[in-house]
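Nothing in this text is a laboratory measurement; each read-out follows from the coordinates by a stated rule. This structure is a prediction, so every number in the text was calculated from the model and none was measured. A quick note on method: Cβ atoms are made from the backbone with ideal geometry, for glycine too, and the neighbour counts reach across all protein chains shown.
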Amino acid sequence: MRKILIADDDAQMRKMLKRAFSADSWHVIIANNGDEALKMALRHHPDIIILDIKMPGISGNKVLKKLKESSNMSITPILMLTGQSETTDKIKSFNKGADDYITKPFVLEELKMQVNAIYNRNKKAISSNPLTRLPGAPAIAEEAMTRLANNQKLSYMYIDIDNFKAYNDAYGHINGDEAIKTLAQILELTKEKFSVDDIFIGHIGGDDFTLIATAYNAEKIASFITEEFDKKAPLLYKMEDRNAGFIHAHTREGDEKRFSFITISIAIATNEFIQFYHHAQLADTASQLKKHLKSNKDRGKSAFMKDRRKKQETKKDTEAKRHRGAK
């Protein structure tokens, strides 16, 4: 459950905010003053903090400064509560790392919206891949689970760069990062081109990506991605390698070998034909398809494969069919 720490010396304010956030499924932790706020924050590690500036003992700004200096709490978002005339304190709060502030008196629904926005933004930032700034594994799993829970027909694409190690070894990590960012840019372009398909893009790590979309245009989306990547991949090579059509690099066993240009493999799992209950099932199905696709290492161009298997009929299903036929 999401945890929120509310620190305010006004008992009525604490009571109102606790009732409001508890109703929205937050676990609410209460502090009466600055000293208690600091102690409760370090003990409970809340997901977000609402901190009044004017409190007995340690002021809100001093609590803010201490928390931002703490290795365990430095990335926790903190929203400051201020009075109308506390402009100087607002400036101090921002200088010490406050994520936002709200002025008293305030509209409760606006405060709740502000808290949710800060929480979601921080959650996304924490899980984002530092190279591409795309959502990472936790966000991918959450997105897939949400769509499954809503009974959406979806396509779950596992996208992987072929021959990436050879390219990275021959051209270095900086150019390897450029290849990864090139794929990320193509996926962002795909999101714009197929906007009606409600596309979500995630970066699992390294050269592995995920794209989640509606089920119906999966192959069109995959076709666009593979074609765009095959256009841009040769431009990542030196002219002499581009003219040759291959590079020399070492295998994982240490043998020198010719490697064709990098391509991508896209494995598409879908719940059109089989019911999935968990993100892990989608990921496992896509992973198995990807292994089959990548077994053809020298195909020379990018490729995709969609899982078209239907649910295997159980003995119970067969008996039910036979029973309906007898009627």
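Values computed for the structure shown
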| quantity | calculated |
| --- | --- |
| Reach of Lys68 by Cα under 20 Å, taken over aspartates and glutamates that are not fewer than 8 positions away in the same chain | Asp8, Asp35, Glu36, Asp47, Asp52, Asp89, Asp99, Asp100 |
| Members of Lys66/Lys96; Lys153/Lys220; Lys232/Lys290; Lys18/Lys65; Lys193/Lys220 lying beyond 18 Å, as alpha-carbon distances in this model show | Lys232/Lys290; Lys18/Lys65 |
| Rounded to 5, percent antiparallel among DSSP beta bridges of the chain | 55 percent |
| Per-residue [θ]222 nm for the chain (sum of -39500 (n - 2.57) over DSSP H runs n ≥ 4, rounded to 500) | -15000 deg cm²/dmol |
| Cβ-defined net charge surrounding Met305, 11 Å radius [Lys, Arg +1; Asp, Glu -1] | +3 |
| Estimated inter-spin distance, Gln288 and Met305, nm [label 7 Å along Cα→Cβ] | 1.2 nm |
| Angle between the chain longest axis and helix 218-232 axis [Cα atoms, degrees, rounded to 10] | 80 degrees |
| Dipole magnitude of segment 3-127 about its Cα centre (Cβ charges: Lys, Arg +1; Asp, Glu -1), debye to nearest 20 | 300 debye |
| Exposure proxy order (Cβ contacts within 10 Å, fewest to most) of Ser260, Ser195 | Ser195, Ser260 |
| At q = 0.12, 0.13 Å⁻¹, base-10 log of I(q)/I(0) for the chain (Debye sum, equal scatterers on each alpha carbon) | -0.91, -0.96 |
| Estimated distance in nm for a label pair at Ser22 and Lys220, the labels positioned 7 Å out from Cα along Cα-to-Cβ | 5.1 nm |
| Neighbourhood charge, 11 Å Cβ-Cβ cut-off, centred on Ile75 and excluding it, Lys, Arg +1 and Asp, Glu -1 | 0 |
| Exposed GluC sites (Glu not before Pro) absent - longest run of the chain, DSSP non-H/G/I/E/B, at most 13 other C-beta within 10 Å | 1-252 |
